Amino acid sequence: MKLNPADITHQEFNRALRGYNPDEVSAFLEVVAENYTELSDENRALLQKLKQTEQDAEQLRSKLEENEKTLID
């Protein structure tokens, strides 16, 4: 099951005798949702950077192959 920040923030828990403080649980879930959002954004940025790096590496490989062919000829 994939979560998003809204899933975390809006998660409901059943109340039980001597259960957790609902305000503390809600506050904690908000912090978790914020951290999740930050990590998700960072992951998205890193994936984009990786994609660009792979494209750059492929271009360099192509240029290297061209240069090698030129040297051989």
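For the chain, the share of accessible area belonging to carbon and sulfur comes to 54 percent (1.4 Å probe, ligands and nucleic acids excluded).
For the stretch 28-43, the Karplus equation 6.51 cos²θ - 1.76 cosθ + 1.60, evaluated at θ = phi - 60°, returns couplings of 5, 4, 5, 5, 4, 4, 4, 4, 4, 4, 4, 5, 5, 5, 5, 4 Hz by residue, with Gly and Pro reported as x. The string of couplings for the stretch 8-17 from the Karplus curve (6.51, -1.76, 1.60, θ = phi - 60°) is 5, 5, 9, 4, 9, 10, 5, 8, 9, 4 Hz, one whole number per residue in order, with x for Gly and Pro.
Treating r as the C-beta distance of residue 4 and residue 26 and R0 as 30 Å, the FRET efficiency rounds to 0.95. Non-local lysine pairs in the chain, meaning eight or more places apart or on different chains, with alpha-carbon distances under 25 Å, amount to 4. For the chain, what D do you get in µm² per second when you plug the Kirkwood radius from alpha-carbon pairs into Stokes-Einstein at 10 °C and 1.306 mPa s? In µm²/s, the coefficient is 97.
Among the chymotrypsin sites (Phe, Trp or Tyr not before Pro) in the chain, those placed in a DSSP loop whose Cβ has at most 13 other Cβ atoms within 10 Å are 13, 20.
Note on the chain: helix-only mean residue ellipticity at 222 nm, from DSSP H runs of 4+ residues weighted -39500 (n - 2.57) and normalised by residue number, equals -27500 deg cm²/dmol. The residue list 47, 20, 64 was ranked by how far each Cα lies along the charge dipole of the chain toward its positive end, using unit charges on Cβ atoms, and 20 comes out on top. For the chain, applying the loop criterion from DSSP together with a ceiling of 14 other beta carbons within 10 Å to the trypsin sites (Lys or Arg not before Pro) yields 2, 15, 18. Couplings 3J(HN,Hα) of the stretch 63-73, computed from phi: 5, 4, 4, 4, 5, 5, 5, 5, 5, 5, 6 Hz, in residue order, whole Hz [Karplus 6.51 cos²θ - 1.76 cosθ + 1.60, θ = phi - 60°; x for Gly and Pro]. Rounded to the nearest 20 debye, the dipole magnitude of the chain is 240 debye, with +1 charges on Lys and Arg beta carbons, -1 on Asp and Glu beta carbons, and the Cα centre as origin.
The values are calculated or read from the model by the stated rules, or taken from the named source; none is laboratory data. Keep in mind it's a predicted model, so treat the numbers as computed, not measured. Every residue, glycine among them, receives a Cβ derived from its backbone with ideal geometry; neighbour counts consider all protein chains shown. Accessible surface is based on the protein model in full, side chains and every heavy atom, while ligands, DNA and RNA are left aside. Shrake-Rupley method; radii C 1.70, N 1.55, O 1.52, S 1.80 Å.
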